[in-house]
Amino acid sequence: MTDETKNAPQPDAETAAAAHENAETAQPAAEPDPIELLRAENADLKDRYLRLAAEMDNLRRRTERDVKDAKTYSAASFARDMLGVSDNLRRALDAIPAEARAGGDAGFMALVEGVEMTERSMLSALERHGVKKIEPTGQKFDPNFHQAMFEVPNPEIPANTVIQVVQDGYVIGDRVLRPAMVGVSKGGPKADAAPSSEQTA
């Protein structure tokens, strides 16, 4: 054998040793730990469960609120229409002169009493369904509940105080069904601001 043939196999042995070493180091990375896989899967499932539980809780609350609103406000449009009927009954009663009431015969007085009873019955039925009358006289004007129709100069009453109601207003639940049409004072002293919590403390 020549020197060249003796030295030839050595590079192949080094290459084989390096490949064997690389295979050993790569093998542990190829097989992940099954416990770590289960922990990761468990964390993922727990996260999904918590998100789903939160979504279901939000859906339940939203549904409860929608059902409550439907019960409270479902009669709003019907109640608004009935307020027009009630207004007409009140106008009919207000149109009767005082002399006619005082000197009216029994049949006429029975008719008047029947109209009054009908008006009271209608308003009490509306109240049973959450419709309440706004009582703004003497209160500070609030554009959320009142509609100003005119101003009355009066230096003795604080400005922007409701002094006359032209048409009654109503609320259903916490929403305005119909604002009260009112007359407000003008030219009086400004109403005292309510003391703040800092001042009263």
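List of remarks:
- Of all residue pairs spaced 6 or more apart or on separate chains, those with beta-carbon atoms under 9 Å, a first member in region 139-165 that is under 17 Å from Arg178 (Cα atoms) and free of Cβ contacts under 8 Å to residues at least 60 places away in the same chain and a second member that is open to solvent by less than 50 Å² (accessible area, probe 1.4 Å) and of a type in the set (S, T, N, Q) are Phe141/Thr161; Phe141/Ser185; Gln147/Gln167; Met149/Gln167; Val162/Ser185.
- All positions within region 147-159 that are more than 21 Å from Asp94 (Cβ to Cβ) and modelled with pLDDT of 90 or more: Ala148, Glu151
- Residue in region 175-201 that is farthest from the chain's Cα centre (by Cα), counting only those that are open to solvent by 60 Å² or more (accessible area, probe 1.4 Å) and modelled with pLDDT of 85 or more: Lys186
- Whenever a residue of region 96-116 is closer than 16 Å to Ser86 by Cα, it has no partner that is open to solvent by 80 Å² or more (accessible area, probe 1.4 Å) and part of a helix (DSSP H, G or I) lying with C-beta atoms less than 6 angstrom away and at least six residues away or across chains.
- Within region 149-191, the set of residues being in a strand (DSSP E or B) and over 30 Å from Asp81 (Cβ atoms) comprises Glu151, Val152, Pro153, Thr161, Ser185, Lys186.
- Of the helices (runs of 4 or more DSSP H) lying entirely inside region 30-131, those containing at least 2 residues that are open to solvent by 70 Å² or more (accessible area, probe 1.4 Å) and closer than 30 Å to Val165 by Cβ are 76-94, 98-103, 106-128.
The values are calculated or read from the model by the stated rules, or taken from the named source; none is laboratory data. Quick caveat, the model's predicted, so the values are computed rather than measured. All Cβ positions, even for glycine, are placed from backbone atoms using ideal geometry, and neighbour counts span all protein chains on display. Calculation scope for accessible area: heavy atoms of the full protein, side chains included, ligands and nucleic acids excluded. Shrake-Rupley method; radii C 1.70, N 1.55, O 1.52, S 1.80 Å.
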